[in-house]
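Here the structure comes first, spelled out in structure tokens, and everything after it is commentary.
The values are calculated or read from the model by the stated rules, or taken from the named source; none is laboratory data. Worth saying up front: this structure is predicted, and the values here are computed from it rather than measured. Cβ: placed from backbone, ideal geometry, glycine included. Neighbour counts: every protein chain shown. Accessible surface is based on the protein model in full, side chains and every heavy atom, while ligands, DNA and RNA are left aside. Shrake-Rupley method; radii C 1.70, N 1.55, O 1.52, S 1.80 Å.
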Amino acid sequence: MPLNSSGPISLGGSTSGQSINLELGRSATAQSNLNESALRTLAGVASGVISLSNFYGKANVSFTPDGGTSAGSPVFLSDLKIFSDQASVTIECNQSATWTWTRSGTFGTASVASGGSATSISFVMSSSNTNFRSTVYTVSATAGGITRYWSVQLQTEPNL
């Protein structure tokens, strides 16, 4: 869950969910300092002065590859296979995410049902011996209050 967007926030010592240590998956009493790389990454401050206010609203969630920040600007992912068994794309998250997707086209499978939760999702489409196949998935994932968006296109061409 993201850290609060205003009010008290602490490096550690809190079990209320407003602890930076807890957001990073550490114990509330773990030794931490603002200059260490994990805290700088979470705060989004690569160098220079860093303060507790830099952590407001931040969440320790990452997707690989990272997605777009709105449904209107998804990240486009694709796999085109010619003379191959299947096309596939996998998206991962560093914690369990809820995956929602729709598919245009009749071919392909997803490793997680739409609305299901997992740390990754794979989209796969087998090739045909005689026909060109194409399908597009519109995908979103939410973890820790962070939502990302992708458009996944899979295509296969047969060996004629």
Exercise for review: Output yes when any residue across the stretch 45-54 is open to solvent by less than 40 Å² (accessible area, probe 1.4 Å) and not in a loop (DSSP other than H, G, I, E, B), and no when none is.
Suggested key: no
Exercise for review: Quickly run through the stretch 47-63 and pick out the residues that are more than 22 Å from residue 75 (Cα to Cα) and either of a type in the set (Lys, Arg) or under 21 Å from the mean Cα position of the chain (by Cα) (or both).
Suggested key: 55, 56, 57
Exercise for review: Please find, within the stretch 137-160, the residue that is nearest to residue 89 (Cα to Cα) out of those that are touching a residue at least 40 places away in the same chain (Cβ under 8 Å) and not in a strand (DSSP E or B).
Suggested key: 158
Exercise for review: Just need a number here: residues in the stretch 125-160 that are out of contact with any strand residue (DSSP E or B) (no Cβ under 9 Å at 6 or more places or on another chain) and under 30 Å from residue 4 (Cβ atoms).
Suggested key: 1
Check your understanding: Can you pull out the residues in the stretch 17-44 that are under 22 Å from the mean Cα position of the chain (by Cα), farther than 16 Å from residue 7 by Cβ and open to solvent by less than 50 Å² (accessible area, probe 1.4 Å)?
Key -> 21, 24, 38, 39, 40, 42, 43
Exercise for review: Just name the residue that is farthest from the chain's Cα centre (by Cα) out of those in the stretch 81-97 that are open to solvent by 40 Å² or more (accessible area, probe 1.4 Å) and at pLDDT 95 or above.
Suggested key: 88
Review point. How many residues, within the stretch 57-75, are assigned to a loop (DSSP other than H, G, I, E, B) and surrounded by 15 or more Cβ atoms within 10 Å (Cβ to Cβ)?
Key: 7
Check your understanding: Does residue 9 qualify as being farther than 19 Å from residue 95 by Cβ, free of Cβ contacts under 8 Å to residues at least 24 places away in the same chain, open to solvent by less than 30 Å² (accessible area, probe 1.4 Å) and not charged (D, E, K, R)?
Key -> no
Review point. From the list 47, 51, 122, 62, which one is among the polar types (S, T, N, Q), in contact (Cβ under 8 Å) with a residue 12 or more places away in the chain and over 22 Å from residue 5 (Cβ atoms)?
Key: 122
Revision key, fill the gap. Checked the stretch 110-136 for anything open to solvent by less than 40 Å² (accessible area, probe 1.4 Å) and assigned to a loop (DSSP other than H, G, I, E, B); matches are 112, 127, 128
Check your understanding: Among all residue pairs at least 6 apart or on different chains, which show Cβ distances below 6 Å where the first residue, located in the stretch 84-100, is of a type in the set (Phe, Trp, Tyr) and the second is assigned to a loop (DSSP other than H, G, I, E, B) and surrounded by 17 or more Cβ atoms within 10 Å (Cβ to Cβ)?
Key -> 99/112
